[in-house]
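> Take this structure, written in structure tokens, and hold onto it; I'll ask about it next.
The values are calculated or read from the model by the stated rules, or taken from the named source; none is laboratory data. The structure displayed is predicted, hence computed values, not measured ones. Positions of Cβ are generated from backbone atoms using ideal geometry, with glycine treated the same way; all protein chains shown enter the neighbour counts. Side chains included, ligands, DNA and RNA excluded: accessible areas come from the protein's heavy atoms. Shrake-Rupley method; radii C 1.70, N 1.55, O 1.52, S 1.80 Å.
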Amino acid sequence: MERKPYPTDLTDEQWKLVEPYLPDAKAGGRPRKTDLREVLNALLYLVRSGCQWRMIPHEFPPWRTCYNYYRAWIDSGTWDEMAYLLRTDVRIEAGRKDQPRVAAIDSQSVKTTEQGGEERGYDGGKKVAGRKRHIVVDSLGMLLAVVVTSAAVDDATGAKQVMALVDSEGYPRLRTVYGDNKYHNYDLYDWMDDNVKYRLHIVRRPKDAEGFVRLPQRWVVERTFSWLGRSRRLHKDCEKLTETSAAMVKIAMIHLMVRRLASDTPAEEFAYEDKKAA
């Protein structure tokens, strides 16, 4: 790498973690000239800094090249596979089973920009015009699934979409998903009885509580949103498509997990009080 490094650049150790998960060049074609490490560095820079595609620094490959790889890896499921395998490594390093037994669900409404696009609406509860991110995380706060919808979509309705991605085949140990009062919905319960093997457990706020309360089992998903909030590309939803919106969340989480595995992030940042939750 013949340039000054950016804070988001992958170290040699981090690159060794993600390189095996990137697709090989097509057989029979011209030799690949693009440096995939630099493509990833550009994407991590974009997500963390919040810059526009056309404002990716010129030291990186052309922005159109970076975007083409980004889209190709969405279509091929590369981001999903990378997130799945890195999360497994994080859990094993933390002394947990490779697959979670419990998880937590929550949603986050974010404003959109003047950029056009699909799935936009108004969340009357949060008073936000834009989109809503629905996520499911394990007991360490590592992402299991993300779905992006209009902000007008009810949380229980969005829960069906994101829970459908957390199926029993991919997560055979999963038994309980923790959520707050907004997921207390009988239609959602009926859907879960017919479609998934795990159960939803509602964690309620104490009646006399004021302000923020660290709810048992469920606080980890709030912490995950806080981690994601470090990426300026996620402060608002700048994407035209919800699938690219979800991909930005996955890239931010992949970067966080790679840093964790490369010991760049303190272990206590991922600590979870209840060891039985693993």
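> Hey, can you tell me all the residues within the range 129-140 that are of a type in the set (A, V, I, L, M, F, W, C) and open to solvent by less than 20 Å² (accessible area, probe 1.4 Å)?
Across the range 129-140, the qualifying residues are ILE135, VAL136, VAL137, LEU140.
> Something else about it: Right, ARG48: at pLDDT 95 or above, under 17 Å from GLN14 (Cβ atoms) and basic (Lys, Arg) or not? Outline the logic, then answer.
Details: at pLDDT 95 or above: yes; under 17 Å from GLN14 (Cβ atoms): yes; basic (Lys, Arg): yes.
When the stated conditions are applied, ARG48 passes them.
> Could you tell me which residue of the range 166-183 is nearest to GLN99 (Cα to Cα), considering only residues that are within 18 Å of the chain's Cα centre (by Cα) and at pLDDT below 90?
GLY170
> Also, I was wondering about something else. What's the number of the condition ARG87 fails, among (1) of a type in the set (Lys, Arg); (2) modelled with pLDDT under 95; (3) surrounded by 13 or more Cβ atoms within 10 Å (Cβ to Cβ)?
Here ARG87 meets the rest and fails (2).
> Suppose we filter the range 201-234 for residues that are more than 27 Å from ARG175 (Cβ to Cβ), surrounded by 10 or more Cβ atoms within 10 Å (Cβ to Cβ) and modelled with pLDDT under 90; how many remain?
The total comes to 1.
> Please verify whether TYR84 is more than 17 Å from the chain's Cα centre (by Cα) and in contact (Cβ under 8 Å) with a residue 12 or more places away in the chain, treating the condition exactly as stated.
In short, no.
> Of everything in the range 65-83, what is open to solvent by 70 Å² or more (accessible area, probe 1.4 Å) and in a helix (DSSP H, G or I)? Give them in sequence order.
First pass over the range 65-83, keeping only residues open to solvent by 70 Å² or more (accessible area, probe 1.4 Å): 68, 75-76, 80-81.
ASN68, ASP75, ASP80, GLU81 - these are the residues of the range 65-83 that are open to solvent by 70 Å² or more (accessible area, probe 1.4 Å) and in a helix (DSSP H, G or I).
> Follow-up. In the range 40-52, is there at least one residue being of a type in the set (D, E, K, R), farther than 24 Å from SER226 by Cα and part of a helix (DSSP H, G or I)? Before you say what the answer is, go through the steps one by one.
First pass over the range 40-52, keeping only residues of a type in the set (D, E, K, R): 48.
Within this subset, residues satisfying the condition of being farther than 24 Å from SER226 by Cα are none.
Scanning the range 40-52, I find no residue that is of a type in the set (D, E, K, R), farther than 24 Å from SER226 by Cα and part of a helix (DSSP H, G or I), so the answer is no.
> Any residue in the range 184-196 that is open to solvent by 10 Å² or more (accessible area, probe 1.4 Å), part of a strand (DSSP E or B) and not charged (D, E, K, R)?
No - not one qualifying residue is present in the range 184-196.
> Quick check: anything in the range 238-251 of a type in the set (Ser, Thr, Tyr), open to solvent by less than 20 Å² (accessible area, probe 1.4 Å) and assigned to a helix (DSSP H, G or I)?
yes
> Of all residues in the range 102-160, which are part of a strand (DSSP E or B), of a type in the set (Asp, Glu) and either farther than 18 Å from LYS182 by Cα or in contact with a Pro (Cβ under 9 Å, 6 or more places away or on another chain) (or both)?
Result: ASP138, single match.
> Residues to consider are PRO57, PRO62; find the one that is in contact with a Cys (Cβ under 9 Å, 6 or more places away or on another chain) and surrounded by fewer than 19 Cβ atoms within 10 Å (Cβ to Cβ).
Matching residue, one of PRO57, PRO62: PRO57.
> Further, regarding this structure: Looking at the range 115-137, which of its residues are at pLDDT 95 or above and not basic (Lys, Arg)?
HIS134, ILE135, VAL136, VAL137
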